[in-house]
Structure formats: C-alpha cells, structure tokens
1. Taking segment 46-60, which residues are surrounded by fewer than 15 Cβ atoms within 10 Å (Cβ to Cβ) and either outside any loop (DSSP other than H, G, I, E, B) or charged (D, E, K, R) (or both)?
2. So, in segment 61-74, exactly how many residues are in a strand (DSSP E or B) and open to solvent by less than 60 Å² (accessible area, probe 1.4 Å)?
3. Under 8 Å between Cβ atoms, which residue pairs at least 6 apart in sequence (or on different chains) link something in segment 57-74 that is under 11 Å from Y47 (Cβ atoms) with a partner that is β-branched (V, I, T) and open to solvent by 80 Å² or more (accessible area, probe 1.4 Å)?
4. Can you tell me which residue in segment 23-44 is farthest from L68 (Cα to Cα), limited to those that are in a loop (DSSP other than H, G, I, E, B) and open to solvent by 60 Å² or more (accessible area, probe 1.4 Å)?
5. Need pairs with beta-carbon distance below 9 Å; first residue outside any strand (DSSP E or B) and within segment 1-15, second open to solvent by less than 100 Å² (accessible area, probe 1.4 Å) and of a type in the set (D, E, K, R); sequence gap 6+ or separate chains.
6. Are any residues in segment 1-35 at pLDDT 95 or above and of a type in the set (K, R), and if so, which ones?
7. Is it the case that N18 is open to solvent by 70 Å² or more (accessible area, probe 1.4 Å) and either part of a loop (DSSP other than H, G, I, E, B) or under 24 Å from L74 (Cα atoms) (or both)?
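The values are calculated or read from the model by the stated rules, or taken from the named source; none is laboratory data. Remember, it's a predicted structure, so these values are computed and weren't measured experimentally. Counting neighbours? That spans all protein chains shown, and the Cβs are built from the backbone with ideal geometry, glycine included. These area figures cover heavy atoms from the full protein model, side chains too; ligands, DNA and RNA do not enter into them. Shrake-Rupley method; radii C 1.70, N 1.55, O 1.52, S 1.80 Å.
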Amino acid sequence: MYNGRLYTGYVILDKFSNGNIDAEMEYNSGSHIGWKNEYNEAGILIYSCYSVGPTTQEVYNYDDEGNLLDYYTL
C-alpha cells in the first residue's frame with residue numbers, strides 16, 4: 001500500500017554505494033506484474049525479466065556494455 005492504495009510503479013530493491021540502482025521491480029495494483037531489472041555499477045541494464053506474479057514470461061541478458069547476449073521466453 002502507498003498512500004492508502006495498492007502500489008503501481010517501480011520499487012528500488014537495492015542501490016550501489018555510488019547511488020546507482022542495482023535492482024528494481026515493477027508492481028501493478030500491489031502485485032508483481034511487470035519487469036524486474038538489474039544493472040551494473042555503471043548503471044547499465046544487464047538483466048531484465050517480465051513476470052506475472054511468480055511466473056516469468058521472458059528473460060533478457062546483456063553484457064556490461066548493454067549489448068543483448070540472449071533472450072528467451074518461458
């Protein structure tokens with residue numbers, strides 16, 4: 001809950017000591033429906049997955065420069 005309502009938006013799960021986001025997760029009406037993103041210390045996206053509740057739908061892996069390494073659906 002946020003301000004008396006089920007939260008919709010991103011929650012920052014962790015940050016690096018330099019202040020950049022390490023990981024974030026998307027919520028919709030209080031449920032994890034959406035993206036979970038992980039970044040390297042430079043702030044470049046290195047992992048992203050789309051989930052509906054506990055079920056992961058698709059996964060993207062990137063190198064430390066943000067280049068797509070692989071993508072798959074489950």
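1. The first filter runs over segment 46-60 and keeps only residues surrounded by fewer than 15 Cβ atoms within 10 Å (Cβ to Cβ), leaving 52-58.
Correct list: V52, T55, T56, Q57, E58.
2. The qualifying residues number 2.
3. Within 8 Å, the pairs are V59/T73.
4. Step one: of segment 23-44, the residues in a loop (DSSP other than H, G, I, E, B) are 29-30, 32, 40-44.
Checking which are open to solvent by 60 Å² or more (accessible area, probe 1.4 Å) leaves us with 29, 41-42.
Values: S29: 30, E41: 18, A42: 17 Å.
Going through the qualifying residues, I end up with S29.
5. Qualifying pairs under 9 Å: T8/E26.
6. K15
7. Details: open to solvent by 70 Å² or more (accessible area, probe 1.4 Å): yes; either part of a loop (DSSP other than H, G, I, E, B) or under 24 Å from L74 (Cα atoms) (or both): yes.
When the stated conditions are applied, N18 passes them.
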